[in-house]
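Each value in this text was obtained by applying a stated rule to the coordinates, not by laboratory testing. Remember, predicted model here, so these are calculated numbers, not experimental data. Cβ atoms come from the backbone with ideal geometry, glycine included; neighbour counts cover every protein chain shown.
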Amino acid sequence: MNRADLETMAQREVQRQQTFRCRILCCASTPCLSSGGSAVHDAIKDAIKEGGFDADFQAVATGCMGPCSRGPMITVQTNGGEDVIYEHVTPEASRQIVAHHATATPAPVKCILPSDIPFFAKQKKVVLANSGFIDPERLEDYVARGGYTALGYALREMTPEAVCREIIDSGLRGRGGAGYPTGLKWDMVRKAHGDKKYVVANGDEGDPGAYMDRTLMESDPHRLLEGMAIAGYAVGADQGFLYVRGEYPIAAKRLERAIRAAERRGLLGSRMLDSNFNFRVDVRIGAGAFVCGEETALMASIMGMRGQPVPRPPYPAQSGLWGKPTLINNVETFGSIAPIIQHGAEWFAGLGTAKSKGTKIFALAGKVDTTGLIEVPMGITLREIVYDIGGGVPDGLAFKAAQTGGPSGGCIPAAHLDTPMDYESLRALGSIMGSGGLIIMDERSCMVDVAKFFMEFCMDESCGKCVPCRVGTVQMHHLLERITNGSATMQDMETLKELCVMVKETSLCGLGQSAPNPVLSTIHYFLDEYTAHIRDHQCLAGVCTLDQAPVTELVHA
């Protein structure tokens, strides 16, 4: 296939879609599937067939539409009309929807979701531009929306050095959490000496409440593959690996099918798009270890070894998979590449803030009216996300804190609601952007209990290789347990602080180094809750049941 063939495929698919008077897009992402989305899709197909509307109506299983708490969701597209979005759709309601758009019978009004609600209005879809609009298992759907044109342009019109320069100029930073400039990393791998190089997409997303990478892999797998192929061309790699968590079977299945479809059409594999560039992608399934999100542990897992981190340097750019130069980026980072090549570095750099360019995907969860997946310009305030996009805190309760960055992040109190959501601002508050988990808490949340929850997660997920993380997280969790059951002393608080510093400064990898962050940030912003537990044997949020009998000995795990 060459670029002309690609354009022909796109035109044919657009024309095919235009033959339908009505296209009914059914969300088939994990959140909607878990609430009955498959039954809704089946009911719509049955209603179309039974009504004899096959020539005019099309049912399409798509990726995530965004407001996951309102699923199952469908979007109805009509020629010349505005899209109509329906929420909490049942099989019975879906039949009524088909009948309404086919024969003008009454629609289930309660299911209609206004398209101009703030949840959609304040977003800027770049990486998720196709999510919810295409069938992720049809290559033609992706190509019809401009898919693989960026790859074709890069292969024919740009040198590898020029591609790296475009990514550098865009200001894109790694979306996995560290925020390292993506283009600089690419250029390092490009300049590295080696007869073999690799590209790795890190889809090992394990933060509680986070599902950004899973959604992109499920909803738009070809966008990820196109970004990886462009990266392979830029750095001189002919082999890519997609590392996917074992808990993401739908994502793995769709990625495998997308790879095979792209290979059949000459968009992956040998002589891609009739060029001299070869690039193969293979999927590797993780076993669910949180530590494999760390790049050295991830590489060990890909090579068939136990997923444990090793000290750096050397960095993967110099010595990665099998000792060869390796480029590792987060799934969302690769999802940003095709739009940058299509629209230019200046366009992307015009989004966001001076130091945090572009958009960021967040998994908005917790105590907000509408939870789901959002993509917003960098620099949007936390208040806008909570009250405009999320619809505010339900039940008339007050916002208390937002936890960003998963177990590696920190808690932001209400006093900082107007904080811009960018790398520098969050770091200044003792938190991090992380991969994009964003959990909202109301006044019923006990911040000591929150810190204990995240510490328990880190304790369970520690690979055990280094003593500070293996033992330190257990001891910190034990101290937090003492505080929440009322048996702690103020000396325990001092010990907890000292342990946090020790674990942070001496752990081998990012898991241990960042594990104390939720504890340190809650101590900093919510010290009164800690002292109330210890001195007054009282949980201000009414969550913890405190034991009045103090425990005098620290049990070492």
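Computed over region 448-535, the convex hull of the alpha-carbon atoms projects to a mean area of 4.8 nm².
When the alpha carbon gyration tensor of region 3-115 is reduced to an equivalent ellipsoid, its three semi-axes come out at 24, 18, 13 angstrom, largest first.
Fewest neighbouring Cβ atoms within 10 Å first, the residues Cys64, Cys22 line up as Cys22, Cys64. Once the Cα atoms are used to define both axes, helix 249-264 deviates from the longest principal axis of the chain by about 40 degrees.
For region 434-482, the C-alpha radius of gyration divided by 2.2 N^0.38 Å, with N the number of residues, is 1.30.
The GluC sites (Glu not before Pro) of region 75-172 that meet both conditions, a loop assignment by DSSP and at most 13 other Cβ atoms within 10 Å of the site Cβ, are Glu82. Think of region 359-442 as a dipole: +1 on every Lys or Arg Cβ, -1 on every Asp or Glu Cβ, centred on the Cα centre; then among Cys411, Ala398, Ile374, Cys411 lies furthest on the positive end.
Looking at the square roots a ≥ b ≥ c of the eigenvalues of the Cα gyration tensor of the chain, which shape do they give, rounded for a/c under 1.5, prolate if a/b is larger than b/c, or oblate? Note, shape of the chain comes out oblate. Taking R0 as 41 Å, what's the FRET efficiency between Asp418 and Met305 from their Cβ-Cβ distance, rounded to 0.05? Computed FRET efficiency for Asp418 and Met305: 0.30.
Each label point was placed 7 Å from the Cα along the Cα-to-Cβ direction; for Asp42 and Gln18 their separation is 3.6 nm.
Suppose we keep just the DSSP beta bridges with both residues in the chain; what percent of those would be antiparallel, to 5?
Of all bridge pairs located within the chain, approximately 50 percent are antiparallel.
Normalised size of region 273-374, defined as Cα radius of gyration per 2.2 N^0.38 Å with N residues, equals 1.39. Pairs of Cα atoms nearer than 8 Å and 6+ residues apart set the relative contact order; for the chain it is 13 percent.
Where a ≥ b ≥ c are the square roots of the eigenvalues of the C-alpha gyration tensor, would you call region 146-347 rounded, which needs a/c under 1.5, or, failing that, prolate if a/b is larger than b/c, or oblate? Because its axes are fairly even, with a/c under 1.5, region 146-347 counts as rounded. Hey, could you get me the Stokes-Einstein D for region 161-234, Kirkwood radius over alpha-carbon pairs, 4 °C and 1.567 mPa s, rounded to whole µm² s⁻¹? D, rounded to a whole number, is 95 µm²/s. Exposure proxy shown here: for Thr489, Thr371, Thr149, the number of other Cβ atoms within 10 Å sets the order, fewest to most, as Thr489, Thr149, Thr371. For Lys125, the aspartates and glutamates whose Cα falls under 14 Å of its own Cα, not counting residues fewer than eight places away in the same chain, are Asp220, Glu332, Glu375.
Among His478, His537, a tally of other beta-carbon atoms within 10 Å of each Cβ gives an order, fewest to most, of His537, His478. Extension gain for the segment Glu256 to Asp388, taken as residue separation times 0.36 nm less the Cα-Cα distance, is 43.8 nm to one decimal.
I need the shape label for region 129-188. Rule: rounded when a/c is under 1.5, else prolate if a/b > b/c, else oblate, with a, b, c from the alpha carbon gyration tensor. Note, shape of region 129-188 comes out oblate.
Would you kindly calculate the translational diffusion coefficient of region 318-401, applying Stokes-Einstein with the Kirkwood radius from alpha carbon pairs, for 4 °C and a viscosity of 1.567 mPa s, and quote it in µm² s⁻¹ without decimals? Here the translational diffusion coefficient equals 84 µm²/s.
Longer than 23 Å from Cα to Cα, which of Lys124/Lys452; Lys400/Lys452; Lys452/Lys497; Lys122/Lys452 are they? Say none if no pair is. The answer is Lys124/Lys452; Lys122/Lys452. Between Thr495 and Asp5, the simple label model (points 7 Å from Cα in the Cβ direction) yields a spacing of 6.9 nm. To the nearest ten degrees, helix 467-485 and the longest principal axis of the Cα atoms of the chain are 70 degrees apart. Comparing Cα centroids, region 78-103 and region 203-225 end up 28 angstrom apart. Between Glu263 and Asp282, the contour length at 0.36 nm per residue exceeds the alpha carbon distance by 5.7 nm. Both the radius of gyration and Dmax for region 359-442 are 11.2, 33 Å, in that order, over alpha-carbon atoms. Taken along the Cα-to-beta-carbon direction at a fixed 7 Å, the label points for Glu82 and His537 span 6.1 nm. Here r is the Cβ-Cβ distance between Ser34 and Glu92 and R0 is 25 Å; the resulting FRET efficiency, rounded to 0.05, is 0.80. When shorter helices are ignored and each DSSP H run of at least 4 residues is given -39500 (n - 2.57), the per-residue value for the chain at 222 nm works out to -12500 deg cm²/dmol. Other residues within the sphere of radius under 12 Å centred on the Cβ of Gly323, judged by their own Cβ, net out at +2 (K and R +1, D and E -1). Helix 182-191 and the longest principal axis of the C-alpha atoms of the chain enclose an angle of approximately 80°. A simple count of charges around Val281, restricted to other residues whose Cβ falls under 12 Å of its Cβ and scoring Lys, Arg +1 and Asp, Glu -1, yields -2.
If you average the alpha carbon positions of region 420-472 and of region 247-300, how far apart do those two centres end up, in angstrom? That distance is 30 Å.
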